[in-house]
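Shown next, in structure tokens, is the structure this report addresses.
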2 protein chains.
Amino acid sequence: MSERLSQQLAFLIEADKLKSVSRASSLSDNSRKENSGEHSWHVALYALTLAEHAEPGVRIDRVIRMLLIHDLVEIDAGDAPIHGDHDAEALALAEQQAADRLFSLLPTDTAVEMRALWDEFEAAQSPDAVFAKSVDRMQPVLQNLANGGGSWVDYDVSEQQIAERVGAKVARGSPALWEHLRGLITAHFSAR
Amino acid sequence: MSERLSQQLAFLIEADKLKSVSRASSLSDNSRKENSGEHSWHVALYALTLAEHAEPGVRIDRVIRMLLIHDLVEIDAGDAPIHGDHDAEALALAEQQAADRLFSLLPTDTAVEMRALWDEFEAAQSPDAVFAKSVDRMQPVLQNLANGGGSWVDYDVSEQQIAERVGAKVARGSPALWEHLRGLITAHFSAR
Ligand SMILES: [Ca+2]
């Protein structure tokens, strides 16, 4: 048991590094860029708060677990801004290698379990993963709306591009959420 | 439904401010102080990872939900360092007022539910709350061990004071966790 605990604590200390991974989106008061650790907390709180908008059958506690671990691979692979350019294949490989390294810090049974949960999130096919992806895409939109445009301004993103890159994924998890969000986005762009 | 969603999004944008509340403990690489948003993510991951060390009957997903919301009141009341001096009565009042304000941003049913969960955490009596408190106290210990002393150095804290202020609460949630941690703490202080 002490050996298992040592492995678990090593994983948790390694996870601390996610707080030093910077994202493209900023805090809602625009004081600084958000990091992937606090983003992970925020999206888990999104899932908890917006649970009623998930499709029937979605198990919100599994969604929350997914969101707690969904960005850990960025410790090695970094954050790839959704509106930035990146080599999708190279990134996927780097993330797979990061998952191999990070989850294997854990005792084997837990490592297998967490890896399976991360793989499920990445595959974005199960109802739980689809809703997790939906709130993960929603949160930076809300941050940008709150701080006057944020990464949309930095990356010169149009309303149309947001609909394509973000809308489809949010809508897949919850049409109602996207409907509401689309109204807010249109209002934001009309006011610019 | 759109009215409910507006309330939920207002709550989530308000929650963003937790990322700007600074704590006494530092990141494990000592690069800066930790904030309460990323701390909330980290302790939720602690609960998920260390679930097997909880007493039988503890529902880890409820523990995780508690930990996601446990520090929200700090948006108004600030973080009270465990090794610092503070007026416990005034702080408790400020936190109650913060809970009143923050949770009431939500639709009434969700507000009542989340407030009950936060009250349960604060009361620290139910098995779920006791385990949540246990990992909440553990995490800064691990941060301090990783970064060479951290807030123990800043506040001139002795091994004996850690045992009194932290040990009892960690041990209440899991004697095995405290046993292991005590060994690490003793090794740290012997090596100074
Ligand atoms: Ca805390």
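Here are a few things to note about the model shown:
- Lys/Arg +1, Asp/Glu -1 at C-beta; chain B dipole; positive extreme among B:GLN8, B:PRO140, B:THR186: B:THR186
- Whichever lysines have a C-alpha closer than 21 Å to that of B:LYS169, once near sequence neighbours (fewer than 8 apart) are set aside: B:LYS133
- Charge context of B:ALA124, other residues only, Cβ under 12 angstrom, K/R +1, D/E -1: -1
- Note on the protein assembly as shown: Cα Rg divided by 2.2 N^0.38 Å, N the number of residues, gives 0.97.
- Separation of alpha-carbon centers, region A:92-120 and region B:128-184, rounded to whole Å: 28
- Inter-part distance where region A:1-68 and region B:18-86 are each reduced to a Cα centre, Å: 12
- Hits among lysines - C-alpha to C-alpha of A:LYS33 under 17 Å, sequence gap 8 or more where chains match: A:LYS17, A:LYS19, B:LYS17, B:LYS19, B:LYS33
- An oblate overall shape is assigned to region A:4-70, the ratio a/c of its alpha-carbon gyration tensor axes (a ≥ b ≥ c) being 1.5 or greater and a/b not exceeding b/c.
- Modelled label reach - A:ALA176, point 7 Å along Cα→Cβ, region A:113-157 residues with backbone N closer than 20 Å: A:127-139, A:142
- Charge tally around B:HIS42: other residues with Cβ under 9 Å, Lys/Arg +1 each, Asp/Glu -1 each, net -2.
- For A:GLU34, distant residues with modelled amide H under 5 Å away: A:ARG23, A:SER25, A:SER26, A:LEU27
- For chain A, the C-alpha radius of gyration divided by 2.2 N^0.38 Å, with N the number of residues, is 1.05.
- For region B:79-142, the square roots of the Cα gyration tensor eigenvalues, ordered a ≥ b ≥ c, give a/c of at least 1.5 with a/b no greater than b/c, which places it in the oblate category.
- Linear extension gain, A:ALA90 paired with A:ARG59, 0.36 nm per residue minus alpha-carbon span: 8.0 nm
- Each Lys or Arg adds one and each Asp or Glu subtracts one; over the other residues with Cβ under 13 Å from the Cβ of B:GLN7, this totals -3.
Each value in this text was obtained by applying a stated rule to the coordinates, not by laboratory testing. This is a predicted model, so every value here is computed, not measured. Because the Cβ atoms are built from the backbone with ideal geometry, glycine has one as well, and the counts that use them run over all protein chains shown.
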